[in-house]
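Worksheet for the structure shown next.
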Amino acid sequence: MSDSATTDHATTTGMSHNKLAMWVFLGSECLLFGALISTYLVYRGRFADGPAPGDIFDIPFTSVSSFVLLMSSLTMVLALSALQRGDIRNNRLWLLTTALLGSLFIGGQVYEFTTFFREGLGYTTSPFSSAFFTLTGFHGVHVSIGILMLMSMFISSLRGTLRKEHSETVEIIGLYWHFVDIIWIFIFTVIYLVPSPTS
Amino acid sequence: MTETTTVDDVVTQPLGVYTRPRGGTGWRDWITTVDHKKIGILYGVAALFFFVVGGIEALLIRLQLATPNGTVLGADMYNQVFTMHGVTMIFLAAMPLSAAFANYLIPLQIGARDVAFPRLNALSFWIFLAGGIVLNLSWVLGGAPDGGWFGYAPNTGIVFSPSAGMDFYALGLQITGVASLMSSINLTVTILNMRAPGMTLFRMPVFTWMMLVTQLLLVFAMPVIAVALFLLAFSRLFGAKFFDPAVGGDALLWQHLFWIFGHPEVYILILPSFGIISEVIPTFSRKPIFGYSFMVFSGIAIGFMGWGVWAHHMFVSGIGPISVAAFSLSTMFIAVPTGVKILNWMATMWGGRIKFSAPMLFAVGVVSMFTIGGLSGVTHAISPADTQQTDTYYIVAHFHYVIFGGIIFGLFAGLYFWWPKVFGHMLSDLVGKWNFWVMLVGFNLTFGPMHVLGLQGMSRRIDSYSPGFGFELWNMVSTVGSFLIALSVAIFVINVIVSAMKARGQAPCGPDPWDARSLEWLTPNPTPVHNFDEIPVVESLDEFWHRKYGTDEDGRIVRVASAEEVCEDGSAVGVHLPSPSFWPIVFASGLPFIALGLIFNLWLTVPGGLLVVMAIYAWIFEPVDDPDAAHGDHDDHGGDEAAADTTEEAPVV
Amino acid sequence: MSTTETTEEQEEVVHDDHDHPSDAKYFQIAIILGVLTALEVATYYVDIGPALIPTLMVMMVVKFFMVAAWFMHLRFDNSLFTKFFVSGLVLAVAVYVIALSTFEFWSKG
Ligand code: HEM
Ligand SMILES: [Cu+2]
């Protein structure tokens, strides 16, 4: 075979295509969440006859679930560092923990949504309600996709196909996961903690 | 040649329950290809098809408006036709035609064998096509979108637009948007990460540079329209209250989101054309581009400033005097880098031994027509003037001068210029010149008079007008002109067909028909599947030209090597290429079902969703490189490329 | 192989994964993040008057960048990644702050 083929595997910047692509994608996601958050901010005071944000937010509850998501970032990075050391067992353990913490967060969100719904905040109640559910819903979908990816990793690890040389894959999924966490750091402060209008 | 590309048929192999396609010929090859060149051709064919569809819609508009009280289309049909004309031309013709050039040329210009994620590239194309199909299905499924291409709320709500048309708009554009986003990430990584040795950023051709800026604009602009379209879709499908003024929904929110995307989009459309003519003009002026770094930096500057001007589309929307003043100013500033480019092209031509072949004619057409459009653009940067002009035919005239004059002419320049590269034979230059002149005359007859009509007060988006306002003459002229444009497109099609027939049985046109400058011409025409026999080592800007020319002892430029000596002959064997795949098209084919399901019957989303999920998992289990197609002497397929397309997934290979 | 010629952009790169922080460091970061979150939540119970919003913003930004710098390894990785991410971030903040201004969000909320 001709020698020229071998250049296929070297990259100009020395960085892998995958990781670069993920970072470009995350840059793009900033604009996506920015638009959703702005939509929410414009509408947070427009709650028509329905409940206002300040009336229904349950700060202690959301604080707990925010903390859960924050800690899942720790377990995620521990999963990666375990795999980088070739420590398959701990990698598996932390992957699973991360997925569980993520699921706990999603469970909290489902609980929050149903509570709000019972208190009279439906998706179509007001611009505020539509914007709130859309923003947090998009975030929830992102977390759920992350959980699916983590579980795929976990299963792959059980089958013995997730080894030290694949740590970049885990790293990239981790980037996505931390990003989703970062977005929540923003949402938690700006949407929940900054005092909201009340009716 | 490699096994990958010569084995003719589908070969069963033990990877699982399916057979993996291998190269092959005919339609099977086209639907499974991951070759950036074939994908580029697919984009081109689809875009030209939609260009004709959008053109027919334009002719219908012009027929309706040719005389007062036109009766060709009813008011309702008129709304659908102009909306779909705009949407088709922008999202289904101009953008994908740029994508065609980007896909075909970027890897060649930077000295690469393919893009960073070949399967993702195929996926982008098929998703784009799925979106185009969804949009156009609306014609037969209860009516096309009728809210204008920028779909202002609350006009697009159920109340004012009760047909399913705007649902098709929201979902169809969402789908094409996904395709654009994927492809922009792919090409960004390709340009940054796959350059040949020595190809530093500042040795890249201007075309590749402009494409890089375009991709970055796409990366950051697509998510914004995605959100806008989600809000619209959720409002229409699930009753969300985003744009319902009765309960406090705000029409301006849509306008902001749309134009935050929309103005960068304008540059997404124009920069590729700028890139194309920046290759054509130096080649036909036999001079290097004047002020390469100015060209690059002005392109980057346009990319940046394009984010700070969006509200000039909203001067009369009630955004307040401070906003109007600020955006008025920023808009005037953005004319500066654009002016720099125009001057640089003129300086490139200045003193050159210009050869007016068809590509050059079209390129000069861009420089002149775009300048006219740019000047009328500056007149509406001045907000008081814009208050008079907005929503009149003056605006329609302006944006056609930039869109048609600036973009379509540029894309035609590219088609004539790179046709031999892609197909191995030239288009007739004589017919090409006819093509140009008829198009130029038709274009100016169509859109020139619209300036007058607009200043006379003729509104945009009206389906008819009464006699006696002085609109008759110029509308008739405009309609006549539009048929001249149609004629010019017909000339192009005839040129394509006749040139192909003439070329049949003949040897390819040979290397370097234009005495060109950049790396893509190093490969033979048409480009072999593996692109380069040997990945070139780049030493300068205009590498290919520098391999052909040197200076003698008096410092005069002399030819040192013939094209035949410099160009490769395409004879390399055993080059390792990514293998074809079924899954991109399977994935994409699920999306129309999901869209139709959301509009008509949720059950339809089930097969759609299943197709997508199946494709994703099959995709993950399918290595990028078919192990059976490899040559065995290196075992590195599990490296960075193997997981390439599966970024977010397990390496469960 | 090894055809990657050294050019300006290439010199700064190729940090290997080896200088990644230790697990103990990660725990340390997580503790700081946890404490900051606790402080944030405390503002819900303790009235700090007009300092509230600036305080919240500062803590948010610190948390944000700590996760990005340590957990996402931006501190250690190729600066190209930081550039992409920061471009997206800065662009988003700038564009949407301007858009919100046209809604007079800051004065009327
Ligand atoms: C044969 C050439 C063309 C003709 C005769 C033509 C004619 C027209 C006319 C008369 C309108 C105004 C409709 C109205 O406001 O009632 C219009 C709108 C428009 N055209 Fe074209 N056009 C042509 C090519 C193009 C191309 C190549 C593009 C873009 C790549 C384009 C993009 C648009 C857009 C975006 C609108 C605005 C639609 C809207 O108001 O929502 N046109 N065109
Ligand atoms: Cu604009």
Item to check | Paired Rg and Dmax values of chain A, which use every Cα atom, in angstrom | outcome: 20.1, 75
Checklist outcome for this item: Between chains B and A, total accessible area buried, probe 1.4 Å, no ligands or nucleic acids, nearest 100 Å², roughly 4600 Å²
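Just reorder A:Arg89, B:Arg113, B:Arg286, A:Arg159 by solvent-accessible area, largest first, 1.4 Å probe, all chains present. It would help to have the intermediate numbers written out before the result.
On the way: A:Arg89 185, B:Arg113 15, B:Arg286 100, A:Arg159 145 Å².
The ordering from most to least exposed comes out as A:Arg89, A:Arg159, B:Arg286, B:Arg113.
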Next on the checklist: Would the range C:21-102 count as rounded, prolate or oblate if I go by the C-alpha gyration tensor, calling it rounded below 1.5 in a/c and otherwise prolate when a/b exceeds b/c, oblate otherwise?
Outcome noted: oblate
Item to check | Hits among lysines - C-alpha to C-alpha of B:Lys355 under 23 Å, sequence gap 8 or more where chains match | outcome: B:Lys287, B:Lys341, B:Lys421, B:Lys433, B:Lys548
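Quickly rank C:93-103, B:314-324 as a protection proxy: mean count of other C-beta atoms within 10 Å, highest first.
Values: C:93-103: 18.2, B:314-324: 16.3.
Answer by packing, highest mean first, reads C:93-103, B:314-324.
What FRET efficiency, computed as 1/(1 + (r/R0)^6) with R0 = 35 Å and r the Cβ-Cβ distance, is obtained for B:Phe160 and B:Asn69, rounded to the nearest 0.05?
Numbers: r = 25 Å, r/R0 = 0.71.
Efficiency at R0 = 35 Å is approximately 0.90.
Under the classification rounded if a/c is under 1.5, otherwise prolate if a/b is larger than b/c and oblate if not, where does chain B fall, given a ≥ b ≥ c as square roots of the Cα gyration tensor eigenvalues? Working shown, then result.
On the way: a/c = 1.74, a/b = 1.21, b/c = 1.44.
Oblate is the answer for chain B, as a/c is 1.5 or above yet b/c matches or exceeds a/b.
With a 1.4 Å probe and every protein chain kept in, tell me what percent of the accessible surface of the range B:103-165 is carbon plus sulfur. Could the numbers behind the result be given before it?
Values: 1150 of 1510 Å².
Whole-percent figure for carbon plus sulfur exposure: 76.
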Checklist entry - Counting only protein heavy atoms, what percent of the accessible surface of the range A:29-193 is carbon or sulfur at a 1.4 Å probe? => result 66 percent
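Could you work out the helix-only [θ] at 222 nm for chain B, with each DSSP H run of four or more residues adding -39,500 (n - 2.57) and the total divided by the number of residues, to the nearest 500 deg cm²/dmol? Please report the intermediate quantities before stating the final value.
Details: 21 runs with 388 residues, N = 653.
Estimated from H runs of four or more residues: -20000 deg cm²/dmol.
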Checklist entry - How crowded by other chains is A:126-138, given as the mean number of beta carbons from other chains within 10 Å of each beta carbon? => result 4
Checklist entry - How far is the Cα center of the range B:588-617 from the Cα center of the range B:140-175, in Å? => result 20 Å
Next on the checklist: Probe of 1.4 angstrom, ligands and nucleic acids ignored: what's the accessible area per residue over the protein assembly as shown, in square angstrom?
Outcome noted: 36 Å²
Item to check | Of C:Val95, C:Thr55, C:Phe85, farthest towards positive along the dipole that unit charges on Lys, Arg, Asp, Glu beta carbons give the range C:21-102 | outcome: C:Phe85
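Which three semi-axes in whole Å describe the equivalent ellipsoid of the range B:270-506, each the square root of 5 times a Cα gyration tensor eigenvalue, listed largest first?
Details: eigenvalues 228, 130, 33 Å².
In descending order the semi-axes read 34, 25, 13 Å.
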Item to check | Most mobile of A:Asp49, A:Asp58, A:Asp87 in a GNM of chain A (Cα contacts under 10 Å) | outcome: A:Asp49
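Among B:Ile39, B:Ile497, B:Ile395, what's the order by accessible area (1.4 angstrom probe), most exposed first? Walk me through the numbers on the way to the answer.
On the way: B:Ile39 0, B:Ile497 90, B:Ile395 25 Å².
From most exposed to least exposed: B:Ile497, B:Ile395, B:Ile39.
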Checklist entry - Expressed as a whole number of Å, what is the distance separating the alpha-carbon centroids of the range B:46-80 and the range B:516-542? => result 43 Å
Checklist entry - Measuring from centroid to centroid over Cα atoms, what is the spacing of the range B:296-328 and the range B:204-267 in Å? => result 15 Å
Next on the checklist: If I build a Gaussian network model for chain A, linking alpha-carbon pairs within less than 10 angstrom, which residue out of A:Gly27, A:Gly137, A:Gly45 has the largest mean-square fluctuation?
Outcome noted: A:Gly27
Item to check | Protein accessible surface hidden between C and A, which excludes ligands and nucleic acids, total in Å², probe 1.4 Å | outcome: 4500 Å²
Checklist entry - Which whole number gives the average, over all residues in A:63-69, of C-beta atoms from other chains lying within 10 Å of the residue C-beta? => result 2
Checklist outcome for this item: The long-range amide H neighbours of B:Gly198, using H built 1.01 Å from N in the peptide plane and a cut-off of under 5 Å, are B:Val538, C:Glu5
Checklist entry - Once the range B:204-318 is represented by equal point scatterers at the alpha-carbon sites, with solvent omitted, what log10 I(q)/I(0) does the Debye formula produce at q = 0.13, 0.23 Å⁻¹? => result -0.61, -1.17
Next on the checklist: Could you report the accessible area of B:Arg547 in Å², rounded to 10, computed with a 1.4 Å probe on the protein chains as they sit in the structure?
Outcome noted: 80 Å²
Checklist entry - What accessible area, in Å² to the nearest ten, does a 1.4 Å probe give for A:Leu93? => result 100 Å²
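Rounded to the nearest 0.05, what FRET efficiency do B:Asp569 and B:Leu487 have when you use their Cβ-Cβ distance and R0 = 51 Å? Spell out each step's value before the answer.
Values: r = 41 Å, r/R0 = 0.80.
E between B:Asp569 and B:Leu487, to the nearest 0.05, is 0.80.
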Checklist outcome for this item: Expected field for B:Arg28, accessible surface area in Å² at 1.4 Å probe radius, rounded to 10, holds 90 Å²
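The values are calculated or read from the model by the stated rules, or taken from the named source; none is laboratory data. Predicted, not measured: the structure shown is a model, and the values here were computed from it. Every residue, glycine as well, gets a Cβ built from its backbone with ideal geometry; the counts of neighbours run over all protein chains shown. Note: areas computed on protein heavy atoms with side chains; ligands, DNA, RNA excluded. Shrake-Rupley method; radii C 1.70, N 1.55, O 1.52, S 1.80 Å.
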